[in-house]
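Read-outs: derived from the displayed coordinates by stated rules, not from any lab. Just so you know, these numbers come straight off a predicted model, no measurement behind them. With ideal geometry, Cβ positions are generated from the backbone for all residues, glycine too; neighbour counts draw on all protein chains shown.
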Amino acid sequence: MTLNSVPLAELAPAKINLALHVTGRRADGYHLLETLVVFAEFGDRITVAASSEDCFFVDGPFAGDVPRDAGNLVLRARDALRAAYPAHAAQPVSISLEKHLPVASGIGGGSSDAAATLRALSRLWRLPADAAALARLALPLGADLPMCLAGHPLLARGIGEKLDPVRHFPALPMVLVNPGIAVETPKVFRALASRDNAPLAPLDSADTVLDWLATSRNDLEQAAMSIEPSIAEVLAALRSSGAAFARMSGSGATCFGIFDSAAAATRAAAAISNAHPGWFSTATVTRT
Ligand code: C5P
């Protein structure tokens, strides 16, 4: 089996939960969710290449926050592929991660990095793995891995493993803002007031995305705010800079604002960066 000889790069896009309802809890403690997920044109970058030995490099603005040990999801994704395809995946590889997404921030950074690693290495090693096989292998690494592997607008149910693509979803000009504070997901789930909330309304029940969003929530928002009050400031900054809609993503603390145009999003991201130098703020557009 010959390896691809050129380095292969994959975007690991930011994952945005436009709405997230917590509808129950499994016996093992994991929460049942209904979430509408989209992905941004902005994210981390994973590059893989054949190498004389296994190595892992990290650079980029948030490199300092990334653990380099074997517990890193990127290395766990590599090792899971090796365990599943020992005959194809034995050759050593170098993996480079360019980290542009804040860590532990509700936009799927680690999960998206691991999903991009699975995609890139399965191409490099020419693995006989289809999308369904990769998704099965991905779920034990994290509940958000299968949706990050898909990488397009979708409705996720269960703990995040039951996926339905959402076709013809519009590209949304967006600003992502994080107050520079990592939030631990399990802590947010523990702080939930109610675990048994109404499901999402059907997407075709509203004329526009914004109308539909107004019928939905992120059930983790209040819980995350009780742990990290600066999330309320982030939402206020997005709203006062012209967002037509603003909400927290995932378990926070990153919030997104939806804008009327890419130009308005770019202006807002710059204004928020100027007013809050310690925050992460970027304009992007969602992938269709
Ligand atoms: O699966 P992942 O490792 O990303 O989840 C991190 C933690 O978040 C879990 O250990 C669990 O406490 C919580 N979680 C949950 N229900 C989900 C997803 C995550 O309770 N659907």
### Query
Taking K99 as the anchor, which aspartates and glutamates have their alpha carbon closer than 20 Å to its alpha carbon, excluding any fewer than eight residues away along the same chain?
E10, E41, D44, D54, D59, D65, D69, D113, D144, E184
#### Entry: Set of the range 38-65 residues, backbone N closer than 15 Å to the point 7 Å along the Cα-Cβ line of L8
46-51
### Folded to 0 to 90 degrees: helix 230-240 orientation relative to the chain principal axis, Cα
70
### Query
Add -39500 (n - 2.57) for each DSSP H run of 4 or more in the chain, then divide by its residues: what number comes out at 222 nm, to the nearest 500 deg cm²/dmol?
-8500 deg cm²/dmol
### Message
Once the cut-off is 25 Å, how many percent of the Cα-Cα pairs in the chain end up in the long-distance tail?
### Response
46
### Query
Among 200-208, 271-279, how do they line up from the highest to the lowest mean number of other beta-carbon atoms within 10 Å?
271-279, 200-208
### Query
How high is the relative contact order of the range 8-165, given as a whole-number percent (alpha carbon pairs under 8 Å, six or more residues apart)?
31
## Note on the structure
Going from the fewest other Cβ atoms within 10 Å to the most, one would list H168, H100 as H168, H100
### Cα long-axis angle, helix 73-84 against the chain (0 to 90 degrees, to the nearest 10)
50
#### Entry: Efficiency of FRET between S205 and K162 - r from beta-carbon atoms, R0 25 angstrom, step 0.05
0.80
### Task
Any chance you could check the Cα centroid distance between the range 164-211 and the range 2-43 for me, in angstrom?
12
### Query
Excluding A253 itself, what net charge comes from residues whose Cβ is under 14 Å from its Cβ, given Lys and Arg +1 and Asp and Glu -1?
-3
### Query
If you take every DSSP beta bridge whose two residues both sit in the range 8-165, what share of them, in percent to the nearest 5, is antiparallel?
85
### Summary
Rounded to the nearest 10, the angle in degrees between the Cα long axis of helix 262-275 and the longest principal axis of the Cα atoms of the chain comes to 80
### Task
Using 0.36 nm per residue of separation minus the Cα-Cα distance, give me the extension gain between A214 and R239 in nm, one decimal.
7.6 nm
### Query
Share of antiparallel DSSP beta bridges in the chain, in percent to the nearest 5?
90
#### Entry: Cβ-based exposure ranking for E161, E184, E221, in which fewest neighbours within 10 Å come first
E184, E161, E221
#### Entry: Whole-Å semi-axes of the ellipsoid equivalent to the range 173-285 (Cα gyration tensor, √5λ, descending)
23, 21, 9
### Query
Near G180, within a Cβ-to-Cβ distance under 13 Å, what is the net charge of the other residues, with Lys and Arg +1 and Asp and Glu -1?
-3
